Amino acid sequence: MTVAVANESGTVDDREVVTDPPLVRIRGLGRVFETAAGPVTAVRAIDLDIRRREFLAIVGPSGCGKTTLLRMIAGLETPTSGRIETGSAAADRPVNAMVFQGHSVFPWMTVRQNAEYGLAIRGAGKPERAGIVDSLLETVGLIEFSRAYPHQLSEGMRQRVAIARALAVDPDLLLMDEPFGSLDEQTRFILQDEVLRIWGETQKTVIVVTHSIDEALTLADRVIVMTAHPGAIKDVVDVPLARPRDQATLRSDPEFGRLFGRIWDSLRSEVLEARAASGSPR
Amino acid sequence: MTAKQRRFAEIVLTIASPILLLLIWELISRSGRIDQRFWPAPSSLWDTTRTMVQDEDLFGEIWLTLERILAGFAMGAVPGIIIGLLMGISWPIRAFLMPIATAIYAIPKIALLPLVLIALGTGEMARWVIVALSIFFVVALSTMGGVLALDPIFTDVARNFGGNRWTLFRTVALPGSTPAIFTGLRLALGFALIVVVGTEFVRPNGGVGSLIWESYSILSIKKMYVGLIVTALMGWLLVLGLDLIERLVVPWRRAL
Ligand SMILES: Nc1ncnc2c1ncn2[C@@H]1O[C@H](COP(=O)(O)OP(=O)(O)O)[C@@H](O)[C@H]1O
Ligand SMILES: [Mg+2]
């Protein structure tokens, strides 16, 4: 596509611009952990472009390095090889927010304090925080619980708080590490719908790690299949299912079944390998 | 059983045990099988208590002991919490202080009383310092344990939002370790009471401990019992007060 671009001197010239450069460009990314038992390669040789406004899902056997990859993208872990470049020129990483695997909601803060946490750290004033968080808590259906403490909530409600907390800082990139892993199926469907709706409204870029092929297909534009430990990219599957997606019709779509088969074919041998390596019965 | 009934039953049971104890003591004493001079019935202590309040300023003695407990408690607990937090968040500080802390933790601090008296003279300060010493380590180690037990995921959340070390301390380490801090404080309160009464035995200069010891010396057994009961009540009320403060400071705990 050809567009007019203003250069620094203010003149306008015509030149070829690649449509929407990727938000994140990952090249040769790897991470080795030094442990007492020797070096452990968690992730190796990852090449990946994450497009703006894309919904990307990562599936792979447990222990294959999904969390490590996500943490490196978030800047919480330093790569031992390769690099992560970002389309947004200002920072070395896009402004990101992570929904962590497991219980990450602060037990000592109310729902509102949790949701406001990122904003408070960034120095947002009280009225501004309240404005943003009120509407977010409304969106995730927790406004009546804003003064409750996490122990008074169900598991699904706590995950909603974690999602609201991440969204409150309006990140370019939302990272979610098995966000619904411990929830029952019905709750998971409801939260998937909510995430899809929010994504549709805000057009954020989202990466979700999941162990559910079903969830990956429900949410994503693209599914990355990772190999067993040490994790590398095995397969990239485009998901051309129509949006907005509906839990019921989605699953009766023959394309859904075909994609499911394709991903499972790819994943199956990796899962078997991972289980053999960890000594679990098959 | 509803929650309300349960709460009521709890209160009844809590009051029942001391009453039962006093009742058994009363019955045994009245049965005449034991020497009433040394094991007076609790009911016979009323008159003694009244004269002690009216003529001998019992409340003054209680206040003096209480003052010693609270002063020593504050002097030990505040630095204990601060050092414990520092040991929890910084591994170099932990590595540096841990050997000293664990070694001194094991010494019965009352054994240091002569040293403290030499260093500080025989005034109130020496009593406060020995209490502070007795509780400092238990508070520091308990606080440190609380920080170390925190799930690293909370640190990651703070870092993910760009929080610096101070944010991490203020929003994660400190609030996250308050339950452990209170566990330490509860132990410390018990220690403080023991040590204050102990110093009042060894160096009687007012206070409930002196009262108990001096009553015993002149075989004023009933007064001695009043002193004992007052001490027990004091310990109970202090812990109750601490529980109350904990409820206010840590409203987010599941079961309190
Ligand atoms: N901090 C660490 N130190 C040592 N090894 C680690 C660390 N984090 C992860 N690993 C190892 O890296 C591999 C990938 O872990 P992880 O990224 O958590 O996998 P996943 O999220 O896919 O289950 C595992 O073998 C794990 O033991
Ligand atoms: Mg993981």
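The values are calculated or read from the model by the stated rules, or taken from the named source; none is laboratory data. No experiment lies behind these values; they were computed from the predicted model shown. Heads up, the Cβs are rebuilt from the backbone with ideal geometry, glycines too, and the neighbour counts pull from every protein chain shown.
Per-residue answers, yes or no, for (1) in contact with a Lys or Arg (Cβ under 8 Å, 6 or more places away or on another chain); (2) touching a residue at least 24 places away in the same chain (Cβ under 8 Å):
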position	(1), (2)
B:VAL131	yes, yes
B:PHE137	no, yes
B:ALA140	no, yes
B:ARG159	no, no
B:GLY162	yes, no
B:PRO179	yes, yes
B:LEU185	no, yes
B:VAL195	yes, yes
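Summed over segment A:195-216, the residues that are closer than 15 Å to A:GLY60 by Cβ and either surrounded by 20 or more Cβ atoms within 10 Å (Cβ to Cβ) or outside the structural domain of A:PHE180 (by TED's automatic domain parsing) (or both) give a count of 7. Pairs are defined by a Cβ separation below 8 Å, a sequence spacing of at least 6 or placement on different chains, a first member in segment A:262-277 that is free of Cβ contacts under 8 Å to residues at least 24 places away in the same chain, and a second member that is outside any helix (DSSP H, G or I); the pairs so defined are A:LEU272/A:ARG282; A:ALA276/A:ARG282. For segment A:17-64, what are the residues that are more than 12 Å from ligand 1 (Cβ to nearest atom), more than 19 Å from the chain's Cα centre (by Cα) and on the phi > 0 side of the Ramachandran plot? Of everything in segment A:17-64, those that are more than 12 Å from ligand 1 (Cβ to nearest atom), more than 19 Å from the chain's Cα centre (by Cα) and on the phi > 0 side of the Ramachandran plot turn out to be A:ASP20, A:GLY28, A:ALA45.
On the stretch given as segment A:45-64, residues that are within 16 Å of ligand 2 (Cβ to nearest atom) and either among the β-branched types (Val, Ile, Thr) or touching a Phe, Trp or Tyr at 6+ places or on another chain (Cβ under 6 Å) (or both) total 3. Would you confirm whether any residue within segment A:64-73 is assigned to a strand (DSSP E or B), within 21 Å of A:ASP172 (Cβ to Cβ) and touching a Leu at 6+ places or on another chain (Cβ under 7 Å)? No. With respect to the conditions (1) β-branched (Val, Ile, Thr); (2) modelled with pLDDT under 95; (3) assigned by TED's automatic domain parsing to the domain that holds B:VAL195, B:THR48 falls short on a single one, namely (3). Kindly check whether there is at least one residue in segment B:49-65 that is under 19 Å from B:ALA188 (Cβ atoms) and in contact (Cβ under 8 Å) with a residue 60 or more places away in the chain. Scanning segment B:49-65, I find at least one residue that is under 19 Å from B:ALA188 (Cβ atoms) and in contact (Cβ under 8 Å) with a residue 60 or more places away in the chain, so the answer is yes. Which ones in segment B:221-244 are under 15 Å from B:PHE73 (Cβ atoms) and either buried (at least 16 other Cβ atoms within 10 Å of the Cβ) or touching a residue at least 60 places away in the same chain (Cβ under 8 Å) (or both)? Those that are under 15 Å from B:PHE73 (Cβ atoms) and either buried (at least 16 other Cβ atoms within 10 Å of the Cβ) or touching a residue at least 60 places away in the same chain (Cβ under 8 Å) (or both): B:MET234, B:GLY235, B:LEU238, B:LEU242.
Return a yes/no flag: does segment A:111-129 have any residue that is assigned to a loop (DSSP other than H, G, I, E, B), facing chain B (nearest Cβ under 9 Å) and at pLDDT below 95.
Here is the first cut: in segment A:111-129, the ones assigned to a loop (DSSP other than H, G, I, E, B) are A:122-125.
Checking the rest, the ones that are also facing chain B (nearest Cβ under 9 Å) come to A:122.
With at pLDDT below 95 added as a condition, the list becomes A:122.
For segment A:111-129, residues assigned to a loop (DSSP other than H, G, I, E, B), facing chain B (nearest Cβ under 9 Å) and at pLDDT below 95: present.
Taking each residue of segment A:132-145 that is touching a residue at least 24 places away in the same chain (Cβ under 8 Å) and under 16 Å from A:TYR117 (Cβ atoms) and looking for partners that are in a loop (DSSP other than H, G, I, E, B) and of a type outside the set (A, V, I, L, M) with beta-carbon atoms closer than 7 Å, six or more apart or interchain, yields A:LEU137/A:SER146. Can you find a residue that is crowded, with 22+ Cβ neighbours inside 10 Å and more than 10 Å from every other protein chain (Cβ to nearest Cβ) anywhere in segment B:150-167? No; the residues of segment B:150-167 include none that is crowded, with 22+ Cβ neighbours inside 10 Å and more than 10 Å from every other protein chain (Cβ to nearest Cβ).
Quick grid of which residues meet (1) more than 14 Å from chain B (Cβ to nearest Cβ); (2) within 16 Å of ligand 2 (Cβ to nearest atom):
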site	(1), (2)
A:ILE163	no, no
A:LEU167	no, no
A:ASP170	no, no
A:LEU174	no, no
A:PHE189	yes, no
A:VAL208	yes, yes
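Within segment A:83-110, being modelled with pLDDT of 95 or more and either in a helix (DSSP H, G or I) or away from ligand 2 (no atom under 14 Å from the Cβ) (or both) holds for A:VAL105, A:PHE106, A:PRO107, A:TRP108, A:MET109, A:THR110. Pick out, from segment A:152-270, the helices (runs of 4 or more DSSP H) lying fully within it that include 3 or more residues that are out of contact with any His (no Cβ under 7 Å at 6 or more places or on another chain) and among the β-branched types (Val, Ile, Thr). The helices (runs of 4 or more DSSP H) meeting that bar are A:185-202.
Looking at this structure, is A:THR67 within 13 Å of chain B (Cβ to nearest Cβ), under 18 Å from the mean Cα position of the chain (by Cα) and not acidic (Asp, Glu)? Criteria met by A:THR67. Determine, yes or no, whether A:MET98 is within 13 Å of another protein chain (Cβ to nearest Cβ), under 24 Å from B:ALA173 (Cβ atoms), surrounded by 21 or more Cβ atoms within 10 Å (Cβ to Cβ) and within 16 Å of ligand 1 (Cβ to nearest atom). Answer is yes for this residue.
Scanning for something more than 16 Å from ligand 1 (Cβ to nearest atom) and within 13 Å of chain B (Cβ to nearest Cβ), does segment A:134-147 turn up at least one residue? I'd like the intermediate steps shown before the answer.
Taking segment A:134-147 as the starting set, the residues that turn out to be more than 16 Å from ligand 1 (Cβ to nearest atom) are A:134-147.
Going one step further and asking which of them are within 13 Å of chain B (Cβ to nearest Cβ), we end up with A:147.
Yes, segment A:134-147 contains a residue that is more than 16 Å from ligand 1 (Cβ to nearest atom) and within 13 Å of chain B (Cβ to nearest Cβ).
Scanning segment B:164-176 for residues that are in contact (Cβ under 8 Å) with a residue 60 or more places away in the chain and under 20 Å from A:ALA124 (Cβ atoms) returns a single hit, B:LEU168.
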